[in-house]
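The values are calculated or read from the model by the stated rules, or taken from the named source; none is laboratory data. Just so it is clear, the structure is predicted and the values come from calculations on it, not from any experiment. Virtual Cβ from ideal backbone geometry, glycine too; neighbours counted across all protein chains shown.
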Ligand code: AMP
Ligand code: MG
């Protein structure tokens with residue numbers, strides 16, 4: 001059996017970033033991956049700005065101010081945000097507002113609570129300010145020509161805001177990774193159809209499609225394919241066309257009704273991996289030749305193939321742990337590892353499993369982890385109840401209070 005980390009390393013080793021990029025409106029670039037570095041054409045803020053409502057002054061003019069001997073200055077200009085500022089005349093103060101340009105010559109802003117407007121219109125200060133106070137310096141956030149978002153960054157809402165803050169109206173992104181998915185199993189029915197004896201609903205279609213879409217993939221859903229070799233081969237040929245990855249679910253065990261292996265073997269190549277993990281274990285990785293579906297097809301090369309197990313929790317976990325990083329790599333993301341947190345187990349598990357377990361667990365209010373009682377790979381309830389997976393090494397019993405490795409679903413779906 002293959003260790004989880006080794007299986008992942010093999011997958012990532014094989015993943016090559018897709019070619020092709022496009023320019024998209026920054027407003028539409030959420031979740032996409034940057035194809036080029038974004039650097040700032042300007043300083044942010046673009047000028048020295050006030051971070052308070054108050055008065056812009058020269059600190060030296062107020063050097064001697066105290067409660068007993070306040071210093072009064074005439075107000076020489078008024079500067080609201082968004083308006084230009086004239087140089088500050090010596091021995092005067094400028095009325096200024098938050099976000100407004102600090103006038104040349106001023107080196108300090110005194111907040112209005114520390115200033116007193118006198119009857120003659122002058123403003124008096126009973127304290128000597130610290131030079132530089134309440135001024136956000138030009139370029140304090142971002143310096144001109146610096147890289148603010150490197151190529152390979154997945155664009156979060158915050159990243160879009162940052163790009164917009166330096167004036168980027170469009171962004172160069174990697175084209176979407178194209179994934180064809182299908183489901184094997186004569187027992188599968190779609191919600192809305194009647195369930196005759198022996199049939200079950202195709203829940204994995206919903207989970208996996210939503211996961212793929214969340215990752216920003218362009219998904220072709222080829223639906224349910226009967227447990228027959230010819231049908232599986234034909235669907236594979238169709239799926240190879242114009243797709244980067246073919247993802248299947250079910251039929252990767254080695255039973256008589258499992259046709260995925262011989263079908264991929266006939267249309268390309270496949271390695272059957274037995275991964276020392278629970279849930280999961282069988283995972284198939286390979287490739288399907290392109291251009292075999294029609295005589296006139298001119299496509300060449302091959303599409304990657306990953307075959308997931310059919311058990312709902314197994315396919316969910318193997319997707320998160322293997323398919324997600326693989327797809328992110330295809331779309332040019334450099335850092336594909338989820339963050340893992342050290343957390344306290346508020347339960348005990350007497351016996352360790354031979355395999356690397358990924359236990360569905362939930363964060364409780366005291367900051368520890370509770371375990372879902374039924375860890376069967378068919379029990380989808382555990383994935384909805386849980387907040388993430390405990391990565392428990394092989395042959396390791398967990399005692400209450402022990403610190404374990406926890407991977408939140410939020411990290412695995414980013
Ligand atoms: P298989 O990997 O095809 O041997 O399937 C393992 C188990 O998962 C069987 O109990 C299947 O009925 C179930 N299963 C397979 N595909 C799906 C699916 N798309 N949705 C829900 N359960 C499935
Ligand atoms: Mg099956």
message = Going through 146, 165 one at a time, which residue ends up being modelled with pLDDT under 95 and away from ligand 2 (no atom under 16 Å from the Cβ)?
response = 165
message = Exactly one condition in (1) part of a loop (DSSP other than H, G, I, E, B); (2) within 30 Å of residue 319 (Cβ to Cβ); (3) free of Cβ contacts under 8 Å to residues at least 12 places away in the same chain is false for residue 5; which is it?
response = (1)
ask   = Consider residue 146 against the criteria (1) closer than 30 Å to residue 336 by Cβ; (2) touching a strand residue (DSSP E or B) at 6+ places or on another chain (Cβ under 7 Å); (3) surrounded by 16 or more Cβ atoms within 10 Å (Cβ to Cβ): it satisfies all of them except one. Which criterion is unmet?
value = (3)
ask   = Just checking, how many residues over the range 49-92 are under 30 Å from residue 142 (Cβ atoms), without any contact (Cβ under 8 Å) to a residue 40 or more places away in the chain and in contact with a helix residue (DSSP H, G or I) (Cβ under 8 Å, 6 or more places away or on another chain)?
value = 0
request  = Working only within the range 316-346, note down all residues that are surrounded by 21 or more Cβ atoms within 10 Å (Cβ to Cβ) and farther than 26 Å from residue 249 by Cα.
outcome  = 345
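I want to confirm something. Restricting to the range 207-230 and keeping residues that are touching a residue at least 12 places away in the same chain (Cβ under 8 Å) and part of a helix (DSSP H, G or I), which single residue is farthest from ligand 2 (Cβ to nearest atom)?
Once the filter is applied, the top-ranked residue is 214.
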ask   = So, of the residues in the range 257-278 that are within 11 Å of ligand 1 (Cβ to nearest atom) and assigned to a loop (DSSP other than H, G, I, E, B), which turns out to be surrounded by the fewest Cβ atoms within 10 Å (Cβ to Cβ)?
value = 257
note = Of those in the range 171-193 that are assigned to a strand (DSSP E or B), out of contact with any helix residue (DSSP H, G or I) (no Cβ under 8 Å at 6 or more places or on another chain) and under 16 Å from residue 216 (Cβ atoms), the residue nearest to ligand 1 (Cβ to nearest atom) is 178
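Under 30 Å from residue 39 (Cβ atoms) and either modelled with pLDDT under 95 or in contact with a helix residue (DSSP H, G or I) (Cβ under 8 Å, 6 or more places away or on another chain) (or both): does that describe residue 211?
So residue 211 does not fit the description; no.
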inquiry  = If I ask for residues that are away from ligand 2 (no atom under 16 Å from the Cβ) and without any contact (Cβ under 8 Å) to a residue 24 or more places away in the chain, which ones from the range 235-271 would you list?
reply    = 265, 269, 271
inquiry  = Looking for something within 16 Å of the chain's Cα centre (by Cα) and at positive phi - is there at least one such residue anywhere in the range 139-156?
reply    = yes
task = Identify all residues within the range 279-297 that are outside any strand (DSSP E or B) and either within 27 Å of residue 383 (Cβ to Cβ) or in contact with a helix residue (DSSP H, G or I) (Cβ under 7 Å, 6 or more places away or on another chain) (or both); write none if there are none.
result = 279, 280, 281, 290, 292, 293
inquiry  = Looking at (1) surrounded by 17 or more Cβ atoms within 10 Å (Cβ to Cβ); (2) out of contact with any strand residue (DSSP E or B) (no Cβ under 7 Å at 6 or more places or on another chain), which one does residue 87 not meet, given that it meets all the others?
reply    = (1)
Index of the failed condition, residue 193 passing every other in (1) surrounded by 20 or more Cβ atoms within 10 Å (Cβ to Cβ); (2) more than 30 Å from residue 17 (Cβ to Cβ); (3) more than 16 Å from ligand 2 (Cβ to nearest atom) = (1)
query = Is there a residue being touching a strand residue (DSSP E or B) at 6+ places or on another chain (Cβ under 8 Å) and either more than 23 Å from residue 309 (Cα to Cα) or assigned by TED's automatic domain parsing to the domain that holds residue 32 (or both) anywhere in the range 373-381?
reply = no
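For every residue, the table says whether it meets (1) more than 16 Å from ligand 1 (Cβ to nearest atom); (2) surrounded by fewer than 15 Cβ atoms within 10 Å (Cβ to Cβ); (3) over 29 Å from residue 255 (Cα atoms).
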| site | (1), (2), (3) |
| --- | --- |
| 134 | yes, no, yes |
| 156 | yes, yes, yes |
| 167 | yes, yes, yes |
| 199 | no, yes, no |
| 204 | no, no, no |
key: Members of the range 29-65 found to be more than 26 Å from residue 106 (Cβ to Cβ) and surrounded by 13 or more Cβ atoms within 10 Å (Cβ to Cβ), listed by number   = 29, 30, 31, 32, 33, 34, 35, 36, 37, 38, 39
ask   = Would the range 372-391 turn up any residue that is part of a strand (DSSP E or B), under 21 Å from residue 236 (Cα atoms) and either within 16 Å of ligand 2 (Cβ to nearest atom) or in contact (Cβ under 8 Å) with a residue 12 or more places away in the chain (or both)?
value = no
